[in-house]
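Colleague: Take this structure, written in structure tokens, and hold onto it; I'll ask about it next.
The values are calculated or read from the model by the stated rules, or taken from the named source; none is laboratory data. Source: prediction; values computed, not measured. Heads up, the Cβs are rebuilt from the backbone with ideal geometry, glycines too, and the neighbour counts pull from every protein chain shown.
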Amino acid sequence: MQCFPGLVLALSSLLGALALLQLSLYLRVPSRYGKHEERLCRPRGRLPARCAWFLQELPSFLVPALLLALRSPPRLEPLGCRLLCCLFCWHYFYRTFIYPFFTRGRPFPLQLFFFGTLFCIYNGFLQGYYLIYCAEYPNDWCTDIRFTSGLLLFLLGMGINIHSDLLLRQLRKPGEVTYKIPQGGLFTYVSGANYFGEIVEWFGFAIATWSLPAFAFAFFTLCCIGPRAYHHHRYYLKTFTDYPKSRKALIPFVF
Ligand code: NDX
């Protein structure tokens, strides 16, 4: 396989277009899973959350790993480029092999599972293909301000995301499906602390890679879970009369 810059440009543009489609679809009405699903208890047409999250996210880890294995001879030089590919796989290792096994979420709708899986194959291919076959970095990329600041943002975002996922999980005992007010960590300031972390993480990744595919993915993430944070916030305000009034939806002290 070789690098086709036109393919990278086309796939990144389509990702940007999907992001805008998503924004237009989910700004007014939330995506129908989790607390925004209307018919909550019918098991038909749903997959257990653990199974759904594992299978859905797996391609984001497997596809870049497969592309890397197929690359002969390996071309992940210099060190900066190798590290960047590892960051992407590191996140999806967590999301595929750790997060699903601890989740206490409701069953996931099959239709969204199908779209989610397609999305993960698509994005796993785009990010992996670009980093493994196309990206060119100078030898001193690791000391470039874009790499170091992006890496710091990525690590900060990932830390917030994992910590917030943990706080949400601890709200329920095994088998429980009720919703409570999230407390602690960044939830003190925003209703969508896990989403805020994930968005910071992928913008950090985009800055560190300084690439069109990564910026397109960061934008997609913002358009996908940004509106969801807003809908979560409205849900909490409507459901809990004692919900902290100073808490914002997504960005601490701002929105
Ligand atoms: N998976 C990303 N688009 C997505 C699945 C949905 O990783 O048709 C994108 C991802 C997919 C999406 C994926 C792609 C686009 C799709 C979309 C659906 C429609 C959309 C396919 C692939 C689409 C077009 C138009 C382009 C075709 O019972 P429960 O499940 O609610 O329990 C929850 C629990 N919880 C609480 N428990 C007690 N009390 C409370 N108050 C609680 N509040 C929540 O915590 C869950 O078990 C858990 C987390 O819930 P929630 O709702 O806060 O997060 P969730 O949305 O489930 O995300 C989980 C993590 C989170 O860290 C988030 O940052 C990350 O995954 N994520 C999620 C979505 C996308 C994404 C990251 C990204 O774009 N980077």
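Colleague: Just name the residue that is farthest from Pro182 (Cα to Cα) out of those in segment 2-52 that are of a type in the set (Gly, Ala, Ser) and under 17 Å from the mean Cα position of the chain (by Cα).
Modeller: Step one: of segment 2-52, the residues of a type in the set (Gly, Ala, Ser) are 6, 10, 12-13, 16-17, 19, 24, 31, 34, 45, 49, 52.
Still in the running and under 17 Å from the mean Cα position of the chain (by Cα): 12, 16, 19, 31, 34, 49, 52.
On the way: Ser12: 35, Gly16: 32, Ala19: 28, Ser31: 20, Gly34: 15, Ala49: 20, Ala52: 24 Å.
Restricting to residues being of a type in the set (Gly, Ala, Ser) and under 17 Å from the mean Cα position of the chain (by Cα), the top hit is Ser12.
Colleague: Could you list all residues from segment 88-131 that are of a type in the set (A, V, I, L, M) and surrounded by 22 or more Cβ atoms within 10 Å (Cβ to Cβ)?
Modeller: Quick first cut of segment 88-131, residues of a type in the set (A, V, I, L, M) only: 98, 110, 112, 118, 121, 126, 131.
Hits for segment 88-131 are Leu126, Leu131.
Colleague: Here is a list: Pro252, Pro182, Pro244, Pro174. Which entry is farther than 23 Å from Leu15 by Cα, at pLDDT below 95 and either more than 7 Å from the ligand (Cβ to nearest atom) or touching a helix residue (DSSP H, G or I) at 6+ places or on another chain (Cβ under 7 Å) (or both)? So that I can check it myself, show each step before the final result.
Modeller: Details: Pro252 fails: at pLDDT below 95; Pro182 fails: at pLDDT below 95; Pro244 fails: at pLDDT below 95.
It is Pro174.
Colleague: Being small (Gly, Ala, Ser) and closer than 28 Å to Glu38 by Cβ: is that true of Gly105 here? Talk me through it step by step, then tell me what you get.
Modeller: Values: small (Gly, Ala, Ser): yes; closer than 28 Å to Glu38 by Cβ: yes.
Here the answer is yes, as Gly105 does meet what is asked.
Colleague: Could you tell me how many of the residues in segment 115-135 are without any contact (Cβ under 8 Å) to a residue 24 or more places away in the chain and not aromatic (Phe, Trp, Tyr)?
Modeller: The total comes to 1.
Colleague: Further, regarding this structure: Within segment 91-114, track down each residue that is closer than 28 Å to Cys3 by Cβ and free of Cβ contacts under 8 Å to residues at least 60 places away in the same chain.
Modeller: Hits for segment 91-114 are Tyr92, Phe93, Arg95, Thr96.
Colleague: Give the number of residues within segment 90-126 that are more than 8 Å from the ligand (Cβ to nearest atom) and under 16 Å from Asn161 (Cα atoms).
Modeller: Total meeting the criteria: 10.
Colleague: Answer yes or no as to whether Ser24 is among the small types (Gly, Ala, Ser) and closer than 20 Å to Phe101 by Cβ. Step through it out loud before you land on a result.
Modeller: Details: among the small types (Gly, Ala, Ser): yes; closer than 20 Å to Phe101 by Cβ: no.
No: the conditions fail for Ser24.
Colleague: Another one. Considering each residue of segment 203-217, count those that are within 11 Å of the ligand (Cβ to nearest atom) and closer than 20 Å to Ala10 by Cα, and give that number.
Modeller: Residues in segment 203-217 being within 11 Å of the ligand (Cβ to nearest atom) and closer than 20 Å to Ala10 by Cα: 1 in total.
Colleague: Moving on to the next point. Looking at segment 8-28, which of the residues that are free of Cβ contacts under 8 Å to residues at least 60 places away in the same chain and not small (Gly, Ala, Ser) is farthest from His231 (Cα to Cα)?
Modeller: From segment 8-28, those free of Cβ contacts under 8 Å to residues at least 60 places away in the same chain are 10, 14, 17, 21, 24-25, 28; that's our starting set.
Okay, now just the ones that are also not small (Gly, Ala, Ser), so 14, 21, 25, 28.
Values: Leu14: 26, Leu21: 17, Leu25: 13, Arg28: 9 Å.
Among those that are free of Cβ contacts under 8 Å to residues at least 60 places away in the same chain and not small (Gly, Ala, Ser), it is Leu14.
Colleague: Using the structure shown, decide if Gly197 is within 28 Å of Ala17 (Cβ to Cβ), touching a residue at least 24 places away in the same chain (Cβ under 8 Å) and near the ligand (Cβ under 10 Å from one of its atoms). Can you show your working first?
Modeller: Values: within 28 Å of Ala17 (Cβ to Cβ): yes; touching a residue at least 24 places away in the same chain (Cβ under 8 Å): yes; near the ligand (Cβ under 10 Å from one of its atoms): yes.
Judged against the criteria, Gly197 is a match.
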